[in-house]
Amino acid sequence: MRMRAKLILSAALFGVAGLVTSGAVMALTPDLPAKAKLVKCDVSGSAATYRGALSAIAGTDQMWVRFTLQERAAGGRFERVDAPGLTTWRKSRRGVERFGYNQTVKGLEKGRAYRALVKFRWYAADGDLVRSVERRSPVCSLGGGANLTVERVRAQKGPAPGTSTYTASVENQGSTDLERVVVSLAVDGAELEAGEILLLRRGETGEVRFTGPICQTSVRAVADPRDAIAEVDEGDNVIQSSCPPTG
């Protein structure tokens, strides 16, 4: 754990009462409706904004969120950064159906990568803990380095009976443009022929299309499956989910 006294924190929260559907969130986190996001990675300002958002589950009266900042030097592992302002649990109003909190951290070091470990809790009206879960945000890289993230997989009716056309979306969250980004896709465990994005500029999202059998159970997309690109974070190169609906 590294001590960092110079970090500057600012935050914003929201809470919404009433019925809220959370299908998009549940699609990404099928066990519990909670998500950690990187809202903004400000390389020039050495700052990052992370967001923790969750929805009420059965028996919930109040929801809590807490952030832990993690830092990684080139070639190293992520380690916790000691920031006293992040030790507080942020609590929703009672009875809301949806709650979120934006946490901005300034004074980050150039040449390092940062992510947030976000802890979520659901409490009942009597104060008992209903459920808890942790989520990791995408990485904010300051001062160089590549970082690919598979965002989603879509499906459409294929060119022949019994087939589907799949589209995998890959975002370049790093600070450099990348060439010849290979993307693979497996349908029900069977690998299809890999595709390639010839040029993926920083901050942009590219797509690769595949044709394969109609999905029965699951799909798994991987960016840079051969580890040819040295990345700040390799953990967000893969997405595995149930079969996407055919559009």
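Quick check on this structure: which one of THR211, THR149, THR167 is assigned to a strand (DSSP E or B) and more than 20 Å from the chain's Cα centre (by Cα)?
Details: THR149 fails: more than 20 Å from the chain's Cα centre (by Cα); THR167 fails: more than 20 Å from the chain's Cα centre (by Cα).
From the options THR211, THR149, THR167, the qualifying one is THR211.
Out of everything in the stretch 88-116 that is under 30 Å from LEU148 (Cα atoms) and free of Cβ contacts under 8 Å to residues at least 60 places away in the same chain, what residue ends up being surrounded by the fewest Cβ atoms within 10 Å (Cβ to Cβ)?
Initial filter on the stretch 88-116 (under 30 Å from LEU148 (Cα atoms)): 98-116.
Among the residues that remain, those that are also free of Cβ contacts under 8 Å to residues at least 60 places away in the same chain are: 111-112.
Working: GLY111: 11, ARG112: 20.
Selected residue: GLY111.
Hey, could you check the stretch 197-247 for residues that are farther than 14 Å from VAL150 by Cα, aliphatic (A, V, I, L, M) and in contact (Cβ under 8 Å) with a residue 24 or more places away in the chain and say which is surrounded by the most Cβ atoms within 10 Å (Cβ to Cβ)?
VAL232
Confirm whether THR165 is surrounded by fewer than 21 Cβ atoms within 10 Å (Cβ to Cβ), touching a Ser or Thr at 6+ places or on another chain (Cβ under 7 Å) and not charged (D, E, K, R).
Values: surrounded by fewer than 21 Cβ atoms within 10 Å (Cβ to Cβ): yes; touching a Ser or Thr at 6+ places or on another chain (Cβ under 7 Å): yes; not charged (D, E, K, R): yes.
In short, yes.
Could you tell me whether VAL130 is in the same structural domain as GLN62 (by TED's automatic domain parsing), not in a loop (DSSP other than H, G, I, E, B) and not hydroxyl-bearing (Ser, Thr, Tyr)? Walk me through it before giving the result.
Numbers: in the same structural domain as GLN62 (by TED's automatic domain parsing): yes; not in a loop (DSSP other than H, G, I, E, B): yes; not hydroxyl-bearing (Ser, Thr, Tyr): yes.
Yes.
Does ARG66 satisfy being out of contact with any helix residue (DSSP H, G or I) (no Cβ under 8 Å at 6 or more places or on another chain) and at negative phi?
Working: out of contact with any helix residue (DSSP H, G or I) (no Cβ under 8 Å at 6 or more places or on another chain): no; at negative phi: yes.
Criteria not met by ARG66.
Residues being assigned to a strand (DSSP E or B), more than 17 Å from the chain's Cα centre (by Cα) and not aliphatic (A, V, I, L, M): count how many of those fall in the stretch 43-65.
From the stretch 43-65, those assigned to a strand (DSSP E or B) are 47-55, 62-65; that's our starting set.
Retained after the next criterion (residues that are more than 17 Å from the chain's Cα centre (by Cα)): 47, 62-64.
Filter again for not aliphatic (A, V, I, L, M), leaving 62, 64.
Counting residues in the stretch 43-65 that are assigned to a strand (DSSP E or B), more than 17 Å from the chain's Cα centre (by Cα) and not aliphatic (A, V, I, L, M) gives 2.
Looking at (1) surrounded by fewer than 19 Cβ atoms within 10 Å (Cβ to Cβ); (2) free of Cβ contacts under 8 Å to residues at least 60 places away in the same chain, which is the only condition VAL187 fails?
Of everything listed in (1) surrounded by fewer than 19 Cβ atoms within 10 Å (Cβ to Cβ); (2) free of Cβ contacts under 8 Å to residues at least 60 places away in the same chain, VAL187 misses just condition (1).
The values are calculated or read from the model by the stated rules, or taken from the named source; none is laboratory data. Not measured: the values here are computed from a predicted model. When we count neighbours, we look across all protein chains shown, and the Cβ atoms used for this are built from the backbone with ideal geometry, even at glycine.
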